[in-house]
Amino acid sequence: MENEMNKTGVGSHKPVIAGIFSAVVLFLFYFGINSLTASVEHAIIQLTNYWYLIIPLAIGFGIQVGLFMFVRSSNICDAQAGRMVTASGGVSTGSMVACCAHHITDVLPFLGLSAFATTLSNYTPLLLLVGVLSNMVGITMMLEISQNAGIRTRIFGRLDRVNMRVIKYAVVVIAVLIFAIAYVLYKPEDSLTLFEKEFLSR
Amino acid sequence: MKIKKEYYGVIAGIAVLLILALYLMPGDSGSARVAEEDMTKISKGRGIQIIATYLNPKYEDQFPNSFAFYIQMNTHSGDLFIYDLLELSYLQDGEGNVYKPIRWTESDRSWGHHRSGVLEFQKIDENGNLILSKKDKTFRLVIKGIEFDREFVWKTR
């Protein structure tokens, strides 16, 4: 009976609250790790430079967590959904941390790690983009799980008109294409790129 | 079994990403990269890294009357604004003649731990001669007293 009620659209605000909370926590984690490893000023500069990727990343992760909570509240305990949120959360957090990884090497002076971390920080926008794209894929996978489980609400009811499995594969292909194009067009922030950005694009 | 199927798309996507990344990864032998490496010199200190890039070979039109260097200073602690690059820097030609800079233009993005700007030297001396002529096989930019004296040496063609 309870399952039936949930499947026909009886929900709570818990998934929405969990989603917003997760997005805020991920955002604060990013800001905190940048502030701790460098400075608050550095964190603000990073945020100013990459807000267009960081904000969608946090929002996307929040949506995924919200969807996961919704699936779980339907008493259809889906292990795959849990793994998806964990994996996507890892990618989101990892891509956010990568941009300040070169500061972490100050306290973790492993041999050879510094150069690797510096290289990672040169590719910050691409790493953040991977996080955003993985969120896009994760959200469609979560929606597919919801659809397969037959969960119906005012929102998900409309999704029955489309095949989420097809949408999911389409999003994967689009995500791969977006990354490939971004990778080809991306110029790492070497000295000349920075000079042009700071002095020639005024 | 069903769960594995769900991952096929993601696994395929990641595989394509990796293959693309490996295929498109810029190598170190590209002509532009080599040219840039010739222009850029790095001095790593105990806590402060300084990068000097000689700009004229690529941006001569931007600096028709000066020799210009893009300077980046990076540190994890301390305030880099205590260093006056106009005071601390000089250019030395192949014969040992020393020239002081005429201009420092600070970047809008400079802050305590990451500072950058353009350091310029007059191209012509008071006698109307080019300060770096073709006979100089090398020239050096020296920045004194930032942990130690930093020397950046370029070979002329």
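The values are calculated or read from the model by the stated rules, or taken from the named source; none is laboratory data. None of the values given here were measured: they were computed from a predicted structure. Here the Cβ positions follow ideal geometry from the backbone for every residue, glycine too, while neighbour counts run over all protein chains shown.
For the reader, a short list of remarks on this structure follows.
- The test for being within 19 Å of B:THR53 (Cα to Cα) and surrounded by fewer than 13 Cβ atoms within 10 Å (Cβ to Cβ) holds for B:ASP108.
- Looking only at the stretch A:34-46, and only at residues there that are in contact with a helix residue (DSSP H, G or I) (Cβ under 6 Å, 6 or more places away or on another chain) and among the aliphatic types (A, V, I, L, M), the one that is farthest from A:PRO125 (Cα to Cα): A:ALA38
Here's the yes/no breakdown for (1) without any contact (Cβ under 8 Å) to a residue 24 or more places away in the chain; (2) over 19 Å from B:TRP111 (Cα atoms); (3) within 14 Å of another protein chain (Cβ to nearest Cβ); (4) not polar (S, T, N, Q):
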{"residue": "A:GLY19", "(1), (2), (3), (4)": "no, yes, no, yes"}
{"residue": "A:ALA23", "(1), (2), (3), (4)": "no, yes, no, yes"}
{"residue": "A:LEU28", "(1), (2), (3), (4)": "yes, yes, no, yes"}
{"residue": "A:PHE31", "(1), (2), (3), (4)": "yes, no, no, yes"}
{"residue": "A:ASN34", "(1), (2), (3), (4)": "no, no, yes, no"}
{"residue": "A:ILE45", "(1), (2), (3), (4)": "yes, no, yes, yes"}
{"residue": "A:THR48", "(1), (2), (3), (4)": "yes, no, yes, no"}
{"residue": "A:ILE54", "(1), (2), (3), (4)": "no, yes, no, yes"}
{"residue": "A:LEU57", "(1), (2), (3), (4)": "no, yes, no, yes"}
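- Residue selected from the stretch B:108-126 under the condition over 14 Å from the mean Cα position of the chain (by Cα) and polar (S, T, N, Q), by the criterion modelled with the lowest pLDDT: B:SER110
- Any chance B:LEU86 is aliphatic (A, V, I, L, M), part of a strand (DSSP E or B) and more than 13 Å from every other protein chain (Cβ to nearest Cβ): no
- Of the residues making up the stretch B:44-85, those that are of a type in the set (Ser, Thr, Tyr) and either at pLDDT 90 or above or under 18 Å from B:LEU132 (Cβ atoms) (or both) are B:THR53, B:TYR54, B:TYR59, B:SER66, B:TYR70, B:TYR83.
Residues checked against (1) among the hydrophobic types (A, V, I, L, M, F, W, C); (2) in contact with a Leu (Cβ under 7 Å, 6 or more places away or on another chain):
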position: B:TRP104; (1), (2): yes, yes
position: B:ASP108; (1), (2): no, no
position: B:GLY112; (1), (2): no, yes
position: B:PHE152; (1), (2): yes, yes
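- Subset of the stretch B:61-76 that is touching a helix residue (DSSP H, G or I) at 6+ places or on another chain (Cβ under 9 Å) and away from chain A (no Cβ under 11 Å) - its residue that is surrounded by the most Cβ atoms within 10 Å (Cβ to Cβ): B:MET73
- Matching residues in the stretch B:126-147 - criterion: being in contact with a strand residue (DSSP E or B) (Cβ under 7 Å, 6 or more places away or on another chain), charged (D, E, K, R) and in a strand (DSSP E or B): B:ARG140
- Considering (1) in contact (Cβ under 8 Å) with a residue 12 or more places away in the chain; (2) surrounded by 12 or more Cβ atoms within 10 Å (Cβ to Cβ); (3) farther than 18 Å from B:PHE69 by Cα, the lone condition that B:LYS135 does not fulfil carries the number (2).
- Residues (touching a residue at least 24 places away in the same chain (Cβ under 8 Å) and either buried (at least 19 other Cβ atoms within 10 Å of the Cβ) or within 9 Å of chain B (Cβ to nearest Cβ) (or both)) located in the stretch A:177-188: A:PHE179, A:TYR183, A:PRO188
- Residue match in the stretch B:99-111 (condition: among the aliphatic types (A, V, I, L, M) and touching a residue at least 40 places away in the same chain (Cβ under 8 Å)): no
- Only residues that are in a strand (DSSP E or B) and of a type outside the set (Ser, Thr, Tyr) were counted in the stretch B:108-125, giving 9.
- Residue list for the stretch B:74-83, filter: out of contact with any Gly (no Cβ under 9 Å at 6 or more places or on another chain) and either part of a strand (DSSP E or B) or touching a residue at least 12 places away in the same chain (Cβ under 8 Å) (or both): B:ASN74
- Scanning the stretch B:109-137 for residues that are in contact with a Lys or Arg (Cβ under 8 Å, 6 or more places away or on another chain) and charged (D, E, K, R) yields B:GLU120, B:LYS137.
- Matching residues in the stretch B:49-70 - criterion: being free of Cβ contacts under 8 Å to residues at least 60 places away in the same chain and closer than 20 Å to B:ILE146 by Cβ: B:GLN49, B:ILE51, B:THR53, B:ALA68, B:TYR70
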